[in-house]
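A short worksheet on the structure shown next.
The values are calculated or read from the model by the stated rules, or taken from the named source; none is laboratory data. For clarity, every value in this text was computed on a predicted model and none was experimentally measured. Here the Cβ positions follow ideal geometry from the backbone for every residue, glycine too, while neighbour counts run over all protein chains shown. Please note that ligands, DNA and RNA were not included when accessible areas were found on the heavy atoms of the full protein model with its side chains. Shrake-Rupley method; radii C 1.70, N 1.55, O 1.52, S 1.80 Å.
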Amino acid sequence: MIYVTRREVFSASHRLFNPQLTDEQTDKLFGKCNNPNGHGHNYILEVIVAGEINPDTGYLIDLKLLKKIIIDNVISKVDHKNLNMDVQFLSGKIPTAENIAIAIWNELDGKIPDGRLYSVKLYETENNYVEYRG
Ligand code: NI
C-alpha cells in the first residue's frame, strides 16, 4: 500500500455561530470566530489517496489528475468565498474545520479513479488542523 498526497490552498471567510444559541452562548463558545462580519483564513488542504502502484505507469494516481479533481470539485467552489453563504456543499452547516473537512471528503468521495480516498486534512491555521478518514 502506498499513499500519495496532493496539497492545495484556498482563502475563504467564515463566521462561526449557531442561530439556535443566544448571543451570550455564541460569544462564549466561538469568541473571535463569531465576529458578525466574518474573518478569513488561508486554508491548506491535503488530500491523501491510498492504493497499489499501477505497474504500467509506476504511479498510484497521476498527480496532475488528482490536482484537477480537487480543483474542479473543491477549490473552485470555496476559494475567495464566504463559507457561510456561497458554498452549496456547506449549506446549513457551521463552517468549522471539522465540518468543512467532512464536506470536502463527501465532494471527493467516488471521484478518485485510481486508488481510494484515504484522508482529507484541513489546516485552518499553522497550528490547528483536522483530519477525516471517512
Ligand atoms: Ni475562523
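Determine the gain in length on full extension of the stretch ASN37-LYS111; use 0.36 nm per residue of separation and subtract their C-alpha separation, reporting nm with one decimal. Don't jump to the answer; show the numbers that get you there.
Details: separation 74, 0.36 × 74 = 26.64 nm, distance 3.47 nm.
Once the chain is fully extended between ASN37 and LYS111, it gains 23.2 nm.
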Obtain the nm distance between the two label points defined at LYS64 and VAL9 by a simple spin-label model: each point lies 7 Å from its Cα along the Cα-to-C-beta direction.
2.4 nm
Assign unit charges at the C-beta atoms only (+1 for Lys and Arg, -1 for Asp and Glu), then state the dipole size of the stretch 2-132 relative to its Cα centre in Debye, rounded to the nearest 20.
180 debye
So which residue, out of VAL74, VAL87, VAL120, gets the largest mean-square fluctuation from a GNM of the chain using Cα contacts under 10 Å as springs?
VAL87
Leaving ligands, DNA and RNA out of it, work out the accessible area of SER11 with a 1.4 Å probe and give it in Å² to the nearest 10.
40 Å²
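Ignoring ligands, DNA and RNA, what accessible area per residue does the chain give at 1.4 Å, in Å²?
Numbers: 8070 Å² over 134 residues.
Ligands and nucleic acids excluded, the result is 60 Å² per residue.
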Divide, for the chain, the radius of gyration over alpha carbons by 2.2 N^0.38 Å, where N is the residue count.
1.16
Computed accessible area, ASP109, all protein chains, 1.4 angstrom probe, square angstrom:
90 Å²
Translational D (Stokes-Einstein, µm²/s) of the stretch 56-103 at 20 °C and 1.002 mPa s when Rh comes from the Kirkwood sum over C-alpha pairs?
174 µm²/s
Lysine pairs in the stretch 2-132 with alpha-carbon atoms under 22 Å apart, 8 or more places apart or on different chains: how many are there?
21
Only Cα pairs within less than 10 Å get springs; with that Gaussian network setup on the chain, which residue of GLY115, GLY92, GLY51 has the largest fluctuation?
GLY92
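In the chain, carbon and sulfur make up what percent of the accessible area (probe 1.4 Å)?
Working: 3830 of 8070 Å².
C and S fraction of accessible area: 47 percent.
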Classify the stretch 67-134 as rounded, prolate or oblate, taking a ≥ b ≥ c as the square roots of the eigenvalues of its Cα gyration tensor: rounded when a/c is under 1.5, otherwise prolate if a/b is larger than b/c and oblate if not.
oblate
